[in-house]
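Nothing in this text is a laboratory measurement; each read-out follows from the coordinates by a stated rule. Only a predicted model underlies this, so the values are computations on that prediction, with no experimental measurement involved. As a convention, Cβ positions derive from the backbone with ideal geometry for all residues, glycine included, and neighbour counts pool all protein chains shown.
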Amino acid sequence: MMTWWTPQLHALLGGLVIAMGIFVMWEQAALLLTVLIGAAATAFLLWKGRSIGTVWAWTTLGLGLESMTWPIVTMVQLRISGSQPTEEQMETILNAVIFGLFTSVFWVTFAFGLFKRLREQQAPPAQATASTPIRKKNKRVRS
């Protein structure tokens, strides 16, 4: 039994998941930035999420976009330091690129699967069309 507030609760949880993703991605993220992004994500999910499936489809798409930006954010953070990257920093970049690519492909694919499922659920059922009868082929005798 789904009540009127269930999608709103899931939108709040989805915004929290996106905020935690931002906090993990930006290791030195300010708490205010994380709260603002979480609030913006929650507002977006409340606006777009008419059902629980829609809320989580948008949430997983947001996680996919966060994962895509993770390597870029890591490189920018290291570039801001100004010096040539050390061996340890190069390993950090490599890990961010590999895991960021893997997780972004996973989350975006998962989100598109959810969107496809939602679209199929919302589409009107296809009408059965009368198929044309299959004619039996006559065997011709060659003389």
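At a glance:
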item: Tally of residues being crowded, with 16+ Cβ neighbours inside 10 Å, assigned to a helix (DSSP H, G or I), over 15 Å from the mean Cα position of the chain (by Cα) and not small (Gly, Ala, Ser) across the stretch 14-41; result: 4
item: Top-ranked residue of the stretch 54-105 - restricted to ones that are among the aliphatic types (A, V, I, L, M) and within 30 Å of Gln122 (Cα to Cα), ranked as surrounded by the most Cβ atoms within 10 Å (Cβ to Cβ); result: Val55
item: Leu114 being assigned to a helix (DSSP H, G or I) and in contact with a helix residue (DSSP H, G or I) (Cβ under 6 Å, 6 or more places away or on another chain); result: yes
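Here is a yes/no grid of residues against (1) closer than 30 Å to His10 by Cα; (2) touching a His at 6+ places or on another chain (Cβ under 6 Å); (3) not in a helix (DSSP H, G or I):
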position	(1), (2), (3)
Gly64	yes, no, no
Met68	yes, no, no
Val73	yes, no, no
Gln77	no, no, no
Gly82	no, no, yes
Thr92	no, no, no
Ala96	yes, no, no
Phe99	yes, no, no
Ser104	yes, no, no
